[in-house]
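Notes follow once the structure below has been shown.
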Amino acid sequence: MAIAVLPIASVLILTATKMGRTVVAPPKRKGPPVAECAPLLGVLPAILTRSLQDVICDQYSKLGSVFTLSSLGVKVTFLVGPEVSAHFFHAAESEISIGDVYKVTVPIFGKGVGYDVDHDTRNEQHRFFADTLRPAKLRSHARLMVGEVEEYFAKWGQSGTVDLKQEVENVLVLIASRCLLGKEVRDHMHDEVSSLLHELIGGLHLVSLFFPYLPTPAHRRRDRARARLEEIFSGIARLRRSSISSGRGAGDDDGDRDHDMLQGLLDSRYRDGRGTTEAEVTGLLVALLFAGHHTSATVTTWTAARLLHHAEWLHAATEEQRRLLLLLLQRNDQNDDAAAVINYDVLLRMDVLHRSVKEALRLHPVTPMILRRARRAFTVRTQDGAEYEVPEGRMLASPLVVNNLLQGIYRDPDVFDPDRFAAGREEDRVGGDLAYTSFGAGKHACMGEGYAYLQIKVILSHLLRNFELQLVSPFPETENMISMRPKGEVMVSYRRRPLLR
């Protein structure tokens, strides 16, 4: 596979008779094939009557790995598979832009952060995230996560039936309140922040992608929630900074505050020495909450549903918990105290569970596609040698809902098989570094991947160790191509069991 920004094939020799000289110019390459569709509306009717995934798969089978869909005057060129995706993921921002596409997030995250700022400032803000998500911080987060999960599920009875999707969302908000927002929010404002976050996420609809500032009722609720969150987080930030500047201690919780991400962002500095403002801290926290909560809630629920739908993998994941727990209890001489030995290092050793999460994410990505915009024209060459010129300004899409099911990479791609990622098989690596892109890839790979896996495994490992679970509602369908969540309730019956032996 080769991708070139400038044509490198033979040239046309044109004779300019008026000038009496020879002009050498490159040939004009053809653009990607365009799907046949209705005038003006384009592929929209097909998407509404079928599904976006079906339409993309259909055009992929007809037109190959590079093609264009159009609707209402907007053209999107799809790049299917790793062979045509290198430029998409690895090109500089000056050539392939992410910021131009995600301006829709500005009313959610706020001004002065994310995709409202220039590329260099955004990179510095990403560095703040990276600093707060490094392994040393994740170790301390693991302890806090385990404590929140233990406390939450201790409230379940000996047996019962619950909507697991709702339970997962509840406990993830508690974890976020504790690890991201700090003990002040966790202890005093959790219910309000949880409600505001729900309004914020609920403000993202299909119309938001095209008209993010349209004064719809959902957008008005979103804007009110965003304003209140800024009021809450700014107030906490002022109190913390005032406490530090006056030399007053923060009490017994100083150690935990050092590890929450709110404090990490308050302590961050730009390269010119400038500190973060309260508005910036609020925006960055909202970005973390918005992205992290939705992703983890969706993946946790899908993974649980898949395990409960496949008895052999439920057994394998439960047995892994039993073996790990027995080994740890013996080494630590604990008396049936699972919480005391479940830490960051132990969570990293949960290989079956990790592969199960990864496989669920392959089958159920949290977004149907990754979007970019071409700031400069480029040439893409397919595996069979066809070359296409993608014009400047064109919207680009890498469709996860198709890439994750390519038969040339994954054996039996529609089957839930966590062993496809096991040592010795590793189908994602055989397909190259762009075969598995559920957490993105290249310059914009998701830096929160480690944090996401950590909290998902904390929740699922606790459920596997402490409860016998059964999926009592039908295996869920996907809600829609925007949220990608399980549709409706995911009803699960549980029975508390004694410590695994």
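Data overview
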read-out: Any pair with Cβ under 8 angstrom, 6 or more apart, that starts in segment 144-158 at a residue that is closer than 17 Å to Lys183 by Cα and ends at one that is open to solvent by 20 Å² or more (accessible area, probe 1.4 Å) and in a loop (DSSP other than H, G, I, E, B); value: Val146/Asn343
read-out: Single match in Leu353, Leu396 (criterion: at pLDDT 95 or above and within 20 Å of Ser85 (Cα to Cα)); value: Leu396
read-out: Residues of segment 452-472 that turn out to be under 25 Å from Val415 (Cα atoms) and open to solvent by 20 Å² or more (accessible area, probe 1.4 Å), as a count; value: 5
read-out: Qualifying positions in segment 150-168 - in a strand (DSSP E or B), of a type outside the set (Val, Ile, Thr) and either modelled with pLDDT under 95 or exposed (fewer than 15 other Cβ atoms within 10 Å of the Cβ) (or both); value: Ser159, Gly160
read-out: Check on Glu449, open to solvent by 40 Å² or more (accessible area, probe 1.4 Å), within 30 Å of Leu325 (Cα to Cα) and touching a strand residue (DSSP E or B) at 6+ places or on another chain (Cβ under 6 Å); value: no
read-out: All helices (runs of 4 or more DSSP H) inside segment 53-141 with 2 or more residues being closer than 20 Å to Leu400 by Cα; value: 86-90
read-out: Check on Met484, within 15 Å of Val299 (Cα to Cα), under 22 Å from the mean Cα position of the chain (by Cα) and of a type in the set (A, V, I, L, M); value: yes
read-out: Residue in segment 442-455 that is within 30 Å of Gly114 (Cα to Cα) and either more than 22 Å from the chain's Cα centre (by Cα) or among the acidic types (Asp, Glu) (or both) present; value: yes
read-out: Cross-chain or 6+ apart pairs with Cβ under 7 Å, segment 473-486 first and in a loop (DSSP other than H, G, I, E, B), then at pLDDT 90 or above and open to solvent by 60 Å² or more (accessible area, probe 1.4 Å); value: Ser473/Glu489; Phe475/His309; Pro476/Lys487; Glu477/Lys487; Glu479/Arg485; Glu479/Lys487
read-out: Selection count, segment 116-174, where residues are closer than 17 Å to Ser268 by Cβ and of a type in the set (S, T, N, Q); value: 4
read-out: Matching residues, segment 175-205, being more than 21 Å from the chain's Cα centre (by Cα) and part of a loop (DSSP other than H, G, I, E, B); value: Gly182
read-out: Residue in segment 290-301 that is modelled with pLDDT of 90 or more, in contact with a Pro (Cβ under 6 Å, 6 or more places away or on another chain) and not charged (D, E, K, R) present; value: yes
read-out: Every residue from segment 416-447 that is hydrophobic (A, V, I, L, M, F, W, C) and modelled with pLDDT under 95; value: Ala423, Val430, Leu434, Ala435, Phe439, Ala441, Ala445, Cys446, Met447
read-out: Residue check for Ser208: touching a residue at least 24 places away in the same chain (Cβ under 8 Å), among the hydroxyl-bearing types (Ser, Thr, Tyr), part of a helix (DSSP H, G or I) and farther than 25 Å from Pro486 by Cα; value: no
read-out: Ser195 vs. criteria touching a His at 6+ places or on another chain (Cβ under 9 Å), modelled with pLDDT under 90 and polar (S, T, N, Q); value: no
read-out: Members of segment 297-324 that are closer than 14 Å to Leu460 by Cβ and among the hydrophobic types (A, V, I, L, M, F, W, C); value: Ala297, Val299, Trp302, Ala304, Ala305, Leu307, Leu308, Trp313, Leu314, Ala316, Ala317, Leu324
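Per-residue answers, yes or no, for (1) in a helix (DSSP H, G or I); (2) modelled with pLDDT of 90 or more; (3) open to solvent by 60 Å² or more (accessible area, probe 1.4 Å):
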| residue | (1), (2), (3) |
| --- | --- |
| Arg221 | yes, yes, yes |
| Arg226 | yes, yes, no |
| Arg241 | yes, no, yes |
| Gly255 | yes, no, no |
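The values are calculated or read from the model by the stated rules, or taken from the named source; none is laboratory data. As the structure is a computational prediction, the values presented were derived from the model and not from experiment. Cβ coordinates were reconstructed from backbone atoms using ideal geometry, including for glycine residues, and neighbour counts include every protein chain displayed. These accessible areas exclude ligands, DNA and RNA; they are computed on the full protein's heavy atoms, side chains included. Shrake-Rupley method; radii C 1.70, N 1.55, O 1.52, S 1.80 Å.
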